[in-house]
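First up is the structure itself, then whatever we jot down about it.
The values are calculated or read from the model by the stated rules, or taken from the named source; none is laboratory data. Given the structure is predicted, the values throughout are model-derived calculations rather than measurements. Cβ placement follows ideal geometry from the backbone for every residue including glycine, while neighbour counts extend to all protein chains displayed. Heads up: the accessible areas ignore ligands, DNA and RNA and are worked out on the full protein's heavy atoms, side chains in. Shrake-Rupley method; radii C 1.70, N 1.55, O 1.52, S 1.80 Å.
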Amino acid sequence: MYARDRATQAMGMLLAEIRPGYARMTMPVREDMLNGHQTCHGGFIFALADSAFAFACNSHNQNTVGAGCTIEYLAPGRHHDLLTAEAVEQALAGKSGIYDVKVSNQDGRIIALFRGKSHRVSGEVAPQQG
């Protein structure tokens, strides 16, 4: 899935770890990601959290899409920060899931908290080898 995700790659995000119900991604804050206050634009922080959410909810190899989400910004991201988004499955029942994502900087400071709701659709992320 990462190999096909041009948007995630274009923002410099890397998939650091993935396992069922979990994903961890990193993104360096580049100069072109800064807003008028010279802090990381919230859209980039959201995109990092959303990508980690996407990888976590697709980690069971069943095509899954976002059904809704919220984000709370707690501290600014700064130029040269390395942001990490850690997505953890909280509940999975039927076709629906709930995932919490914590975005923090290299010092462990929490930058944002994101909660995503997922919905499983038909198909597999990667075909099973038979």
Checklist outcome for this item: A careful count of residues in region 11-60 that are of a type in the set (Ser, Thr, Tyr) and in contact with a Pro (Cβ under 6 Å, 6 or more places away or on another chain) gives 2
Checklist entry - Based on what the data block shows, is GLU124 over 17 Å from the mean Cα position of the chain (by Cα) and charged (D, E, K, R)? => result yes
Next on the checklist: Among the residues of region 1-27, what is the count of those that are in contact (Cβ under 8 Å) with a residue 12 or more places away in the chain, part of a strand (DSSP E or B) and either surrounded by fewer than 16 Cβ atoms within 10 Å (Cβ to Cβ) or under 11 Å from the mean Cα position of the chain (by Cα) (or both)?
Outcome noted: 10
Next on the checklist: Looking at the structure I just gave you, is ARG78 of a type in the set (D, E, K, R) and at pLDDT below 95?
Outcome noted: no
Next on the checklist: Pairs needed: first member in region 47-74, closer than 17 Å to ALA91 by Cβ and in contact (Cβ under 8 Å) with a residue 24 or more places away in the chain; second member anywhere, open to solvent by less than 20 Å² (accessible area, probe 1.4 Å) and in a helix (DSSP H, G or I); C-beta distance under 6 Å; at least 6 residues apart or different chains.
Outcome noted: THR64/CYS57
Checklist entry - Which condition number does ALA67 fail, the rest of (1) surrounded by fewer than 18 Cβ atoms within 10 Å (Cβ to Cβ); (2) outside any strand (DSSP E or B) being met? => result (2)
Checklist entry - From the residues in region 104-117 that are open to solvent by less than 80 Å² (accessible area, probe 1.4 Å) and over 13 Å from the mean Cα position of the chain (by Cα), which one is farthest from PHE46 (Cα to Cα)? => result GLY108
Checklist outcome for this item: Taking region 84-103 and the residues there that are more than 14 Å from ALA23 (Cα to Cα) and assigned to a strand (DSSP E or B), the one that is most open to solvent (accessible area, probe 1.4 Å) would be LEU92
